[in-house]
Each structure stands twice: as structure tokens, then as C-alpha cells.
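The structure appears below as C-alpha cells.
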Amino acid sequence: MTDRLVGQVSGYLPNIPLEVVSQGAEALVFKTKVHPYIEKPYLQNNSEYIIKFRPSKPYRHPKIDASITKNRTIGEVKFMAKLSKLGIKAPSVISADYKNGIIWMECLGSELPNGEVSSLKNWLWYLERNESEERCLADDVKLACNKVGELIGKLHMNDMIHGDLTSSNILLQNGEPMLIDFGLSSYSGLPEDKAVDLYVLERAILSTHSVFSDKYNQWLLEGYEAGHKSSEFGKKGNKKLVETIRKLEDVRLRGRKRSMLG
Amino acid sequence: MTVDLDKYAKPGKGYYIALGLEGSANKLGVGVIKHNLGQLSTTNRAEVLSNIRDTYITPPGEGFLPRDTARHHRNWVVRVIKKALIEAKIKGTDIDCICFTQGPGMGAPLQSVVVAARTLAQLWDLPLVGVNHCVGHIEMGREITGADNPVVLYVSGGNTQVIAYSKQRYRIFGETLDIAIGNCLDRFARTLKIPNEPAPGYNIEQMAKKGKHLVNLPYTVKGMDLSMSGILAHVEGLAKDMFGKQNKKLVDVESGEPITAEDLCFSLQEILFSMLVEITERAIAHVNSNQVLIVGGVGSNERLQEMMKLMIQDRKNGQIYATDERFCIDNGIMIAHAGLLGYRTGQTNELWNTICTQRFRTDEVFVKWRDD
């Protein structure tokens, strides 16, 4: 049960009131009102903070487990620090404990009418369940998808790879998207890695939002192109875009046409 | 509302019987299944009348080639079908439909089995039902374990997929970007010249139980997808260094003890299965589910089942479902079961439409028998 994990994290963070927000695949996310070292931090939301905890996984060999927990926590913190330097929207890091897999960060996002966190996934699902088809394909959805694509384009132009792009790893705040969850992130300038990153997102959209996935994916790609064509990257943007898109077509083919024996 | 499964029932007959033929890889399987009228439920289970399998086994260090595997299937298919009918105590005329694997799989073995299916269908004047191999695994797993709407980890010699149901399709959330898990294990078994009898993966599992030291191997998870060819190349390189001409000795850094073939098997399993469990957990978190069902040949590995259990215990109300080797490893009964579900919702194939295909994605199948 999750109680075991909550007990574990309270051991590392004694006397910190924690409220469980969600249990992701590899981490537990908590909310707290306590800042570890400043009373009035310079953050957008300075009353609540997020604590992300990567528990040790009992199914993994202890050696594999320790190295994965440490590497991913360090990787995520560094990635987030680099993003904030570049001015790409993502939560800011407040503090981190590599060995125990704890990151303390800024609390972003808002609540949807049904009380869930405003991730792209939850928002699209909310629309799909409660609203009409036209609403699901309305202009603000298109704009949000475009902006997400643009954000990813900017990330890739800086040779940064998210590694786990899904609609649940994109938060929306007043219509502005931002990325979260960088445990699998890496740095690479290869079109191949960027294409796989895009392909992972494309497939996640296809399986999670299957009804309108064609439109969503199209809008995301449009935004991605726009991100590359922005004036700050000049001619280089277009060249990189062409390479990545060509590679994306290869990767897609690899996925669908792979022979599956047995 | 649930789907009416009895729209196509024969008047006056209280049950259905289907014959399933499977031969997409080196196993030739024939099974007979019986469904009573009405919805399948805990009180109205599908009944396995017979489940016969014959495996084509090659010498150590060799894989099975399509041509030879097809010849094996051709030689044995009549005998295996006869045995299945005798064990089920039925005649050809008792059967409602003949189900066969339409893909994915190896072309030649698939072809030789579909020829048998077509012959029987014309001989007994019965409809044919083409079945997607992966859907067969999923439906049989659900029926045997009673899992209602699980995230499915499908791991076998040719497939590695994480699947979840949504809107009448089994959608693929994660899969291998290069080779399949079973393929990876089989090829490593060939490098070490581990026997293929009863199965290379089984022998690796037994050796891994004796392994103690973890050798450093790459760990490659990309979102909900994974990649295994790099790991295989790495571990094969180590094995060649150790057992090839160089005869290089490797030692464990901590204990100073020599690394053995058992340690390599142990390390390979630990790293590959950690990756599998991780992507499964990612899919579970992504679709807010709490059930896992493991199907496919590699799913009968006890270490994988144990790791999956440890993972699911840390999730709210988590439940794991797994089957034993009778239903995990390719078999005819799963084809019969999934085919019969198709038949009961009116999905049959005309003779011209029974061509097999090596490439048949799980999400291409329209799951007419579910509508939740």
C-alpha cells in the first residue's frame, strides 16, 4: 500500500505536513505549505510547494535501484535549472536530496472545475466527457496544442530532450503550457533523439485521446514548426526542423511496420 | 449496456464450440473451447475441452528458421488436430467455427496452418474466423484470471507491448523500439549455447536463480517505450570475451569473485525485467488503472511475476493477474476463445479473406464484444 511510502518520506522529512497529490509511475507528489529555508520566496505561488519523492522500488535489484534514483533525481534538477536559465516555462527547483530522491519545487498549475490538476490530459479528458465535440476542437484547444508544440520546439532547439512527453506531463496555467517531470531527460543534438521524443508524444496522444488524436497531433506539430521558425534561431531552426521531421517519418515507419513474430 | 453475444446463436443449441489453430512461431497449438449461451461471467465460464501443443525444438545455438518451422507444422497439424478432437470428445460436426491465427507471426508457419484451417472449414462446411494473435493472448488471460479491465503486459518471443483497452480497441501504450524481450533472451541463450529444450527462456530463468553478482548493463527506457538491442549487444560482448578465444576473466568489483554465465543470465533478467515493470507502472499511472495482467511466453517467468507483484503492492488496491505456461505460451485455445467471441458478434472471414499477414497490429482489431 501507499502508506508504506508515505511513512518512508515522513522519515526523511520530519515535521513537514504533507498532502498526497498523486502517485505517478516512479514518484509520489506531495503538497506542503512549508518552504525549507525562506519565509517569503520570489515565486509566483509562494504559499504552496511541491515535494516530489522517488521511493526505492522493491522490485529492482538494490544496486540498479540506487543508481536509477540518484541519477534521475540529479538529472531532473539539473534539467530544471537549465530550463529556468533559458526562460522555458517549468517549475523552479527549491531544494533537492539526491540520495533519498527528494526534490522540493515550485507549485504550478491550477484546478479544473472537477477538482483535478490542470494537466493537458485532465483538461482534454474533462472536455471530452462533459462537453460537445465542437468544444473539444475549439480555438483555445488548438491554441494550447500549438503552444505546447512551440514549447517542445524550443526545448529541442536547445538540444534538450524531455524523454517522457505525454499529455499528463504538460501542465496548463491560464492557457500557458509548461513541462514537468524530467526524470528521463537527456541532452542530444541528434535528429533521431528528437524524433523519438516527438514520436513518444504522438503515440501517447493517440492512445490517450484517441477520438481527436489526428487533430491534436496536427496542431502539436504546427506549433513545433512555429517554435523552430521563431526569429531567435534564425536559419538554423528551419534546417534542424527539416532533419527532425524527416527522421520522425522514419521512426513512425519503424514503429508500424516492424515485423512482430511469435 | 453489454453487447448481445447470442444474436448469431444456432436455434435449439445451448452452447458454442470452437476449434482454434495457432502456428505463428515454433509452437503448433490446437484447442477446443466451449461457451454456453449468455454473457461470460464467474458463473458462466468458458470451458477448455482440450489444449494440445507441439513445439518445434532446434539444437543448442540455433534458432528456428521459418521454412523448417513450417515443415514441422505441416507434418504435425493433422495428428495434433485429431488428438485435440479425441480429447475434447467431439466430432467435426459439433463445431460452430474454425478459428486461426491471421497474424502477426512468421509468414511460412502461419501459411501452413491456415491451409489446414481452410481445408477443415470446407470439409465440414463451417465458417472461418481470423484472430489477431495478441488479442488472443489478452482475451484468454482475461477469461482465465477474471481480470476485468487490466493494463496488459504482453511479452513473448516476438512482442513486447503494454496495452490498455479504450473505446473498443486494445491500444498500445508502450512497446519495444527494436527487438522483443523473448528474442533478446533467446539470442543470448544461443550465444551461451544454452539448450532450447523445453525453452531457452526457461533455461535462462533456471540459471539466473543461481546467479548472485550484478554486472553493469545499460538501462534504456524511453517514456513508455524501451529498447533492448543495445543491452543484448553489450551482454553478448561480455559473454564472447569470457567464453571465446580471449578467455578473459571478469570479477565482481565488491566481492572479488569471478563472474559466471549464471551471473550474466541473472543480470540480464534483472535489468530487462526492471525496465518492463517500469514501463508497465508508467502505463498504469497514465490510465489510472490498478490491475496488471501478464500474458505471453515470457510472462510465465516467475521472477518477472514476482517483480510485478512487488510493484503493484505499492499502488492503491493494486492487483496482479498472471497465468501459467498452459495459457501463457502460445496455444490453440486462446485463438479458439478470441475467435469465438468474434464469431458470437458476427465477425467471420470469407474464404478469400483468410490471407495471413506477418504484420497485424493489436490496435487494428475492432473489439466488438466489449463496449465499456
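The values are calculated or read from the model by the stated rules, or taken from the named source; none is laboratory data. Here the structure is a predicted model, which means the values were calculated and not measured. Don't worry about glycine lacking a Cβ; one is built from the backbone with ideal geometry, like all the others, and counts go over all protein chains shown.
Brief remarks follow.
- Qualifying residue in region B:291-308 (condition: farther than 17 Å from A:D65 by Cα and more than 20 Å from the chain's Cα centre (by Cα)): no
- Breaking point among (1) surrounded by fewer than 17 Cβ atoms within 10 Å (Cβ to Cβ); (2) more than 9 Å from chain A (Cβ to nearest Cβ), for B:L276: (1)
- Filter result for B:G158 (assigned by TED's automatic domain parsing to the domain that holds B:A25, at negative phi, of a type outside the set (A, V, I, L, M) and under 19 Å from the mean Cα position of the chain (by Cα)): no
- Cβ-Cβ distances below 7 Å connect the following pairs, each with a first residue in region B:67-80 that is basic (K, R), a second residue that is buried (at least 17 other Cβ atoms within 10 Å of the Cβ), and a separation of six or more residues or different chains: B:R67/B:A108; B:R74/B:S112.
- Residue match in region B:214-228 (condition: in a helix (DSSP H, G or I) and either away from chain A (no Cβ under 12 Å) or within 12 Å of B:Q269 (Cα to Cα) (or both)): no
- Boolean, B:L110 is touching a residue at least 60 places away in the same chain (Cβ under 8 Å) and in contact with a Pro (Cβ under 7 Å, 6 or more places away or on another chain): no
- Within region A:126-140, one or more residues are outside any helix (DSSP H, G or I) and not aliphatic (A, V, I, L, M).
- Here B:S41 passes the criteria (1) out of contact with any helix residue (DSSP H, G or I) (no Cβ under 8 Å at 6 or more places or on another chain); (2) small (G, A, S); (3) buried (at least 18 other Cβ atoms within 10 Å of the Cβ) except the one numbered (3).
Yes/no per residue for (1) buried (at least 17 other Cβ atoms within 10 Å of the Cβ); (2) more than 10 Å from chain B (Cβ to nearest Cβ); (3) in a helix (DSSP H, G or I); (4) acidic (D, E):
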{"position": "A:L171", "(1), (2), (3), (4)": "yes, yes, no, no"}
{"position": "A:E192", "(1), (2), (3), (4)": "no, yes, yes, yes"}
{"position": "A:D197", "(1), (2), (3), (4)": "yes, no, yes, yes"}
{"position": "A:E202", "(1), (2), (3), (4)": "yes, yes, yes, yes"}
{"position": "A:S207", "(1), (2), (3), (4)": "yes, no, yes, no"}
{"position": "A:F212", "(1), (2), (3), (4)": "yes, yes, yes, no"}
{"position": "A:N217", "(1), (2), (3), (4)": "yes, yes, yes, no"}
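- Selection from region A:1-34 of residues that are without any contact (Cβ under 8 Å) to a residue 60 or more places away in the chain and assigned to a loop (DSSP other than H, G, I, E, B): A:M1, A:P14, A:N15, A:I16, A:P17, A:L18, A:A25, A:K33, A:V34
- Qualifying positions in region A:17-36 - in contact with a Ser or Thr (Cβ under 8 Å, 6 or more places away or on another chain) and surrounded by fewer than 16 Cβ atoms within 10 Å (Cβ to Cβ): A:P17, A:E19, A:V20, A:K33, A:P36
- Filtering region B:190-201 to residues that are touching a residue at least 60 places away in the same chain (Cβ under 8 Å) and either in a helix (DSSP H, G or I) or on the phi > 0 side of the Ramachandran plot (or both) leaves B:R190, B:K193, B:G201.
- Condition check for B:I98: more than 12 Å from B:L19 (Cβ to Cβ), assigned by TED's automatic domain parsing to the domain that holds B:G339 and modelled with pLDDT of 95 or more: no
- Residue tally, condition assigned to a helix (DSSP H, G or I) and within 11 Å of chain A (Cβ to nearest Cβ), over region B:249-271: 5
- Residue within region B:172-179 that is over 22 Å from the mean Cα position of the chain (by Cα) and either over 27 Å from B:M106 (Cβ atoms) or of a type outside the set (D, E, K, R) (or both) present: no
- Matching option when the condition is within 22 Å of B:R344 (Cα to Cα), among the hydroxyl-bearing types (S, T, Y) and within 14 Å of chain A (Cβ to nearest Cβ), among B:T2, B:T93, B:T101: B:T101
- Just one of (1) surrounded by 18 or more Cβ atoms within 10 Å (Cβ to Cβ); (2) out of contact with any Gly (no Cβ under 7 Å at 6 or more places or on another chain); (3) outside any helix (DSSP H, G or I) fails for B:D372. It is (1).
- Residue count for region B:164-195, restricted to those that are facing another protein chain (nearest Cβ under 9 Å) and either of a type outside the set (A, V, I, L, M) or farther than 16 Å from B:F64 by Cβ (or both): 14
- Filter result for A:S95 (in a strand (DSSP E or B) and more than 14 Å from chain B (Cβ to nearest Cβ)): yes
- Filtered by the rule that a residue be in contact with a strand residue (DSSP E or B) (Cβ under 7 Å, 6 or more places away or on another chain) and either under 21 Å from B:M228 (Cβ atoms) or without any contact (Cβ under 8 Å) to a residue 24 or more places away in the chain (or both), region B:286-303 gives B:V292, B:I294, B:V295, B:G296, B:V298, B:G299.
- Residue that is farthest from B:Q269 (Cα to Cα), among those in region B:297-341 that are within 10 Å of chain A (Cβ to nearest Cβ) and among the polar types (S, T, N, Q): B:N317
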